[in-house]
Amino acid sequence: MEVAVIKYNAGNVFSVINALSRLGVKSVLTDDADVIRRASHVIFPGQGEAAGAMNCLRSTGLDQVIVNLRQPVLGICIGQQLMCRHSEEGDVDCLGIFDTDVRKFIAPTDGNSWKIPHMGWNTVENLRGFMELGRQEEWMYFIHSYYVPQSEWTVGTTSYCGVDFSAAMQKDNFMAAQFHPEKSGEAGFRLLKHFLSI
């Protein structure tokens with residue numbers, strides 16, 4: 001097994017590499033298109049700003065590399081958002097793997113003290129596809145100010161700011177999580193192991 005972690009101008013990649021290492025899985029952080037294409041599994045992680053991240057991907061040609069991958073691909077956090085058609089963050093067109101748009105959380109005026117970004121533990125429910133880990137719901141760790149609405153590709157949902165959004169998505173070999181499995185304890189490790197078994 002050769003796992004490629006895509007290198008671009010987004011943070012949090014080393015926590016993913018460390019999580020893989022704790023699972024006994026060797027990975028390589030790379031922006032080399034040939035290495036990414038040869039990998040058995042690809043992880044597209046990150047925290048950052050959508051427009052800047054897309055500019056980086058386009059400048060290196062990695063945008064076209066990613067959309068043409070045929071092995072299992074897991075987008076994490078901004079990785080999920082960049083797999084969508086368009087993001088309100090920076091008003092930027094993204095990879096278009098999922099034909100849906102990324103929206104900014106707007107705190108409702110319902111008396112609750114909603115804080116943005118959505119940060120901390122929350123439940124992921126309505127689990128399907130690669131999110132079927134043997135339980136009806138899982139607790140995962142989130143940190144994000146933008147979200148992907150539910151769509152036909154949603155395989156796990158979470159509610160925040162009065163919105164039920166896509167906590168996880170899947171289309172063919174492309175899987176994505178808005179939460180951080182590498183920061184989600186035992187459930188996150190089970191998810192990573194399950195992804196790597198696909």
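Neighbours of Phe189 by Cβ distance under 15 Å: Lys/Arg scored +1, Asp/Glu scored -1, total +2. Mean separation of Cα pairs under 8 Å and 6 or more residues apart, divided by the residue count, gives the chain a relative contact order of 18 percent. Does a label point 7 Å from the Cα of Ser145, set along Cα-to-beta-carbon, have any residues of region 60-94 with amide nitrogen under 13 Å, and which are they? Hits in region 60-94 for Ser145 at 13 Å: 88-91. Taking Cβ atoms as reference points and 11 Å as the exclusive limit, the residues near Val25 contribute a net charge of +2, counting Lys and Arg as +1 and Asp and Glu as -1. The alpha-carbon atoms of the chain define a convex hull whose volume equals 103 cubic angstrom per residue. For region 1-95, with all protein chains in place and a probe radius of 1.4 Å, 46% of the accessible heavy-atom surface sits on carbon or sulfur.
I'd like the antiparallel share, as a percent to the nearest 5, of DSSP beta bridges with both residues in the chain. Looking only at bridges with both residues in the chain, the antiparallel portion is about 60 percent. Put the Cα centre of region 18-46 next to the Cα centre of region 63-140 and the gap is 20 Å. Filter Lys115/Lys183; Lys7/Lys193; Lys115/Lys193; Lys171/Lys193; Lys7/Lys183 down to the pairs with a C-alpha to C-alpha distance above 23 Å, please. Over 23 Å Cα-Cα: Lys115/Lys193. Computed on the Cα atoms alone, the convex hull of region 136-198 gives a volume of 93 cubic angstrom per residue. Per residue, region 20-139 exposes an accessible area of 50 Å² to a 1.4 Å probe, with every protein chain left in place. Sorted largest first, the principal axis extents computed over the alpha-carbon atoms of region 1-101 equal 39, 24, 22 Å. Computed over region 48-147, the convex hull of the alpha-carbon atoms projects to a mean area of 7.8 nm².
Computed on the Cα trace of region 88-198, the radius of gyration divided by the Kirkwood hydrodynamic radius gives Rg/Rh = 0.96. Tally Lys and Arg at +1 and Asp and Glu at -1 over the other residues with C-beta under 14 Å from the C-beta of Ala4: what net charge comes out? Every neighbour counted, the sum reads +1.
If you model region 1-46 as an ellipsoid using its alpha carbon gyration tensor, with each semi-axis the square root of five times an eigenvalue, the axes come out at 15, 14, 6 Å, biggest first. When shorter helices are ignored and each DSSP H run of at least 4 residues is given -39500 (n - 2.57), the per-residue value for the chain at 222 nm works out to -7000 deg cm²/dmol.
The values are calculated or read from the model by the stated rules, or taken from the named source; none is laboratory data. Note that this is a predicted model, so its numbers are computed, not measured. FYI the Cβ positions are ideal-geometry reconstructions off the backbone, even for glycines, and counts take in every protein chain you see. Accessible surface areas use protein heavy atoms only, side chains included; no ligands, DNA or RNA. Shrake-Rupley method; radii C 1.70, N 1.55, O 1.52, S 1.80 Å.
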